[in-house]
1. Going by what's in this entry, would residue 96 be described as farther than 28 Å from residue 264 by Cα, surrounded by fewer than 16 Cβ atoms within 10 Å (Cβ to Cβ) and at pLDDT 90 or above?
2. Consider only pairs whose beta carbons are under 8 Å apart and that are at least six residues apart or on different chains; among these, list those whose first residue lies in the stretch 49-65 and is among the aromatic types (Phe, Trp, Tyr) and whose second residue is not in a strand (DSSP E or B).
3. Taking the stretch 132-170 on its own, how many of its residues are at pLDDT below 95, within 22 Å of residue 225 (Cα to Cα) and exposed (fewer than 15 other Cβ atoms within 10 Å of the Cβ)?
4. Just to confirm my filter: which strands (runs of 3 or more DSSP E) fall fully inside the stretch 29-91 and include at least 1 residues that are acidic (Asp, Glu), at pLDDT 90 or above and more than 18 Å from residue 239 (Cβ to Cβ)?
5. Could you run through the stretch 226-268 and say how many residues are outside any strand (DSSP E or B) and of a type outside the set (D, E, K, R)?
6. Taking the criterion of being outside any strand (DSSP E or B), surrounded by 15 or more Cβ atoms within 10 Å (Cβ to Cβ) and under 23 Å from the mean Cα position of the chain (by Cα), would at least one residue in the stretch 204-211 satisfy it?
7. Every residue in the stretch 122-146 that is touching a Phe, Trp or Tyr at 6+ places or on another chain (Cβ under 7 Å) and closer than 22 Å to residue 104 by Cβ, please.
8. Taking the stretch 141-171 only, how many residues are over 22 Å from residue 223 (Cα atoms), among the acidic types (Asp, Glu) and part of a strand (DSSP E or B)?
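The values are calculated or read from the model by the stated rules, or taken from the named source; none is laboratory data. This structure is a prediction, so every number in the text was calculated from the model and none was measured. Methodologically, a virtual Cβ is constructed for each residue, glycine included, from the backbone with ideal geometry; neighbour enumeration extends over all protein chains shown.
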Amino acid sequence: MSLSYPPASIFHGSASRKAAVSMLVIGLCAPMTTFAGEPADDGSTSWALGLGVMSEQEPYTDIDRENTPLPLLEVENRYIHVFGPQIEFKLPSVDINDSQALNFGIVAEYDESGYEEGDADILDGMSDRDGGFWAGAKMEWESELFEVSAEWLADASGDSNGQRFNLGLERTWQFGEHVMLTPRVGATWQDDKYIDYYFGVRDSEARIGRPVYSGESGVSTELGVRGAYQFNSRHSVLMDVEVTSLADEIKDSPLVDRSTANAVFVGYIYSF
């Protein structure tokens with residue numbers, strides 16, 4: 001019995017933005033392989049359904065921890081991969097040798113970042129900040145020792161007009177036929193438009209204790225570990241824990257009162 005993972009993008013970077021809560025849930029993000037199995041060369045499609053819960057602490061001052069139920073959907077074949085709110089259009093891969101390969105893809109996702117005025121006292125009088133659709137490209141370098149992933153995304157909805165770039169390194173250990181653990185490190189660069197939109201304070205929003213703030217580009221770093229237990233070829237449970245050290249440009253915002261954010265995810269998935 002083989003054991004494999006769903007994409008890491010459901011977890012990557014989620015502690016610094018809200019988890020997506022649409023029907024195609026979980027964001028964001030350095031991919032993995034799939035619980036539904038490797039897609040066949042004949043173009044046949046594998047798919048899986050499940051349910052999870054994301055517990056997430058955003059960095060805004062005195063904002064409550066958010067616990068969100070997340071329905072899961074995965075569909076994959078040789079041409080596309082859909083998991084949660086992200087769809088990847090696969091491009092031809094390059095086999096470097098028997099143990100190394102480069103994978104490429106065009107990606108689009110829905111990201112429910114942002115906040116509403118009533119989410120915390122510090123946000124009273126602030127205009128809502130919306131999420132939206134993001135699109136870009138990604139590359140993965142797979143080897144026997146580890147996997148390196150890079151993903152660039154831009155705001156296609158025009159809310160922030162921002163960009164972000166994710167770089168991740170991870171290694172997977174499999175224990176027997178049932179258990180898999182993948183520790184990872186990563187870094188996320190967010191441009192000045194992104195940080196200013198989500199963490200900036202406009203002239204019209206300033207008040208005592210909340211001065212005007214213009215965000216600049218910055219880099220946040222993440223540490224995390226994913227785990228999976230596969231009972232059999234159909235039933236599996238997932239786990240992910242992540243801690244993000246926020247960029248100084250985010251920590252300096254008058255809307256923020258912490259230097260880190262964190263997220264915990266647990267879920268169940270059934271592969272057809």
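1. yes
2. Matching pairs, first to second residue: 60/119; 60/120; 60/122; 60/123; 60/255; 60/257.
3. 4
4. By residue number, 66-76.
5. Qualifying residue count for the region: 10.
6. Within the stretch 204-211, none of the residues are outside any strand (DSSP E or B), surrounded by 15 or more Cβ atoms within 10 Å (Cβ to Cβ) and under 23 Å from the mean Cα position of the chain (by Cα).
7. Selection gives 133, 136, 137, 139.
8. Looking only at that region, the number is 1.
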